[in-house]
Amino acid sequence: MVEFALCIPLLMLFIFGIIYFGRSFYTKQIVTMSVQEGARMACRMPDLSNSSSRDYVRGFTVTGQSINTNSPIYQALAAGHLLSGPQGSSGDLPPGSSVSILPWDDNSIAMPAGTVGVRIRYPFVFIGSAFPGNSTPAGQVKIWMGPDGPPVPFLDTLITEQAVATQEVVY
């Protein structure tokens, strides 16, 4: 019993660490695949200066409301269960996320001539959900490491991925 009591904090740290990095890696991979597919579609899309063309590629408004369920970005995020609907396979992005077609949606990003980019920002939440109405407090989860040890935080963070492709459509 004494050995177990001494080992349980370290064991819990390992278990939570594995779960934390597993979930964050999974979410980052889904977001990475989404931007790559979005850039692949955007490079073939004519007239990206038109906001409706960009909405079609994004599948979402700039702020994350669903508008095109056939978009490769929407499909990839839905397949990864990262949306607001039932079981995360449909719906909107969580608050704080955004999908941008570059350079049109964000003029502060300098893009080389003849290229188009896609950037997704997605909030990663370790415990619970990134959507409103979540009963788990947002911010961080801490594991107590004994009376003299500082708690180990597992922080929530914003995952940002960007992909760039050369435009294949000639105007």
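The values are calculated or read from the model by the stated rules, or taken from the named source; none is laboratory data. Just so we're clear, the structure is a prediction, and the values are computed from it rather than from any experiment. Don't worry about glycine lacking a Cβ; one is built from the backbone with ideal geometry, like all the others, and counts go over all protein chains shown.
Of all residues in segment 52-86 being buried (at least 21 other Cβ atoms within 10 Å of the Cβ) and of a type in the set (Val, Ile, Thr), which is farthest from Ala163 (Cα to Cα)? Among them, the one singled out is Val57. Scan (1) at pLDDT below 90; (2) assigned to a helix (DSSP H, G or I); (3) out of contact with any strand residue (DSSP E or B) (no Cβ under 6 Å at 6 or more places or on another chain) for the single condition Met41 breaks and write down its number. Here Met41 meets the rest and fails (1).
Considering Ser53, Ser34, Ser84, the condition of being polar (S, T, N, Q), outside any strand (DSSP E or B) and over 18 Å from Ile159 (Cα atoms) is satisfied by Ser53 alone. Scanning segment 17-26 for any residue that is buried (at least 21 other Cβ atoms within 10 Å of the Cβ), within 30 Å of Gln167 (Cα to Cα) and in contact (Cβ under 8 Å) with a residue 24 or more places away in the chain turns up nothing.
Of the strands (runs of 3 or more DSSP E) lying entirely inside segment 104-171, those containing at least 3 residues that are modelled with pLDDT of 80 or more and not small (Gly, Ala, Ser) are 115-124, 157-166.
Out of all the residues in segment 1-23, which are of a type in the set (Gly, Ala, Ser) and at pLDDT 90 or above?
Result: Gly22, single match.
If you go through segment 81-120 and pick out every residue that is more than 16 Å from Thr27 (Cβ to Cβ) and hydrophobic (A, V, I, L, M, F, W, C), you end up with 9. The residue that is surrounded by the most Cβ atoms within 10 Å (Cβ to Cβ), among those in segment 89-128 that are hydroxyl-bearing (Ser, Thr, Tyr) and touching a residue at least 12 places away in the same chain (Cβ under 8 Å), is Tyr122.
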